[in-house]
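The values are calculated or read from the model by the stated rules, or taken from the named source; none is laboratory data. This structure is a prediction, so every number in the text was calculated from the model and none was measured. Cβ placement follows ideal geometry from the backbone for every residue including glycine, while neighbour counts extend to all protein chains displayed.
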Amino acid sequence: MSRLAERYGPWAVVTGASAGIGAEFARRIAEWGVNVVLIARRRNRLEELASTIEDMYRVEARVAPVDLGSRDVVEALQPVLGDIEVGLLVNCAGYGSSGPFLDMDPSVQESMLNVNCRASLLLTHEIVQGMRERGRGGVIFVSSVNGFCASRGMAHYNATKAYDLVFAEGLAEELRPYGVDVQALCPGGTLTEFQRVAGLDTRNFGPFARLIFATPTSVVATSLRTLGHRVTVIPGFLNKLMVLTMKLLPRRVSTWIFGSLMARFATEH
């Protein structure tokens, strides 16, 4: 039995598993011999990933094509979660948007709030009850370096990531006496489809993009390696330096700097 399976149990739940960091979490967790429940909206991608995981790692992979922004998300997942012992929950689902807040569709912003924050809140409350009773388990919240600082052009997205960060840090203190590890994973720029959805373009950083943007593989490796050892995890030296700089500067100055960076990142730049 692998270290991950022995520490956390036979099943893991990964939200946002259809692409990017979420899909990489699912693959790496399965590689450690843990069965996985894959949650996202796109059934075809989930089924393709589940088939690959079962063929390569000889574990069970269940798919749950559910809209995490829906009001009844917990009830919708009961058919796939009701008969298993979940020992690891990865709250990875999320998306962003860029531009002036008042110019964006409020329904899209409400949906972002539901996916980035509300779904994690409800799933954690539902699934982690069992972890606390068993005296073991793990929860990973995928936040962002954006959660450390406000920014024009991504005011609402950064606020949702700040929620994930602070929620995870507080929950870690509550659950530590029960043997449940909680991590706030705060990656910086990562080469996924997130940028396209958010209206951002890595090409605007030219040759520096390769230094600034990480791969999902490296982000997930850092997360799983440090789970149970550190609560707030920031992959990459440049990201750590950026977060430290934002903490040291006056809030208004760091907000202006981060907003300028996001403006360079925008696709219309």
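Quick one: in region 50-60, which of the residues that are out of contact with any helix residue (DSSP H, G or I) (no Cβ under 6 Å at 6 or more places or on another chain) and either touching a residue at least 40 places away in the same chain (Cβ under 8 Å) or surrounded by 15 or more Cβ atoms within 10 Å (Cβ to Cβ) (or both) is farthest from Asp83 (Cα to Cα)? So that I can check it myself, show each step before the final result.
Taking region 50-60 and keeping what is out of contact with any helix residue (DSSP H, G or I) (no Cβ under 6 Å at 6 or more places or on another chain), we get 50-52, 54-56, 58, 60.
Cutting the leftovers down to either touching a residue at least 40 places away in the same chain (Cβ under 8 Å) or surrounded by 15 or more Cβ atoms within 10 Å (Cβ to Cβ) (or both) gives us 50, 52, 54, 60.
Numbers: Ala50: 19, Thr52: 23, Glu54: 19, Glu60: 14 Å.
In this case the residue turns out to be Thr52.
Pairs linking a residue in region 79-108 that is acidic (Asp, Glu) to a residue that is assigned to a loop (DSSP other than H, G, I, E, B) and surrounded by 15 or more Cβ atoms within 10 Å (Cβ to Cβ), with Cβ atoms under 7 Å and 6 or more positions apart or on different chains, are Glu85/Gly9; Glu85/Pro10. The requirement of being under 20 Å from Arg43 (Cα atoms), among the aliphatic types (A, V, I, L, M) and within 17 Å of the chain's Cα centre (by Cα) is not satisfied by Leu88.
Applying the criterion of at least 1 residues that are modelled with pLDDT under 85 to the helices (runs of 4 or more DSSP H) found wholly in region 161-269 leaves 194-198, 209-212, 237-248, 251-265.
Note on region 151-160: residues that are surrounded by fewer than 21 Cβ atoms within 10 Å (Cβ to Cβ) and modelled with pLDDT of 90 or more total 3.
For region 57-110, give me each residue that is over 29 Å from Leu4 (Cα atoms) and among the charged types (D, E, K, R). Step through it out loud before you land on a result.
To start, the set of residues in region 57-110 that are over 29 Å from Leu4 (Cα atoms) comprises 69-72, 96-110.
Within region 57-110, Arg71, Asp72, Asp103, Asp105, Glu110 meet the criteria.
Does Ile127 satisfy the condition of being under 18 Å from Ala40 (Cα atoms), buried (at least 16 other Cβ atoms within 10 Å of the Cβ), of a type in the set (A, V, I, L, M) and modelled with pLDDT of 95 or more? Lay out the reasoning, then the answer.
Working: under 18 Å from Ala40 (Cα atoms): yes; buried (at least 16 other Cβ atoms within 10 Å of the Cβ): yes; of a type in the set (A, V, I, L, M): yes; modelled with pLDDT of 95 or more: yes.
Judged against the criteria, Ile127 is a match.
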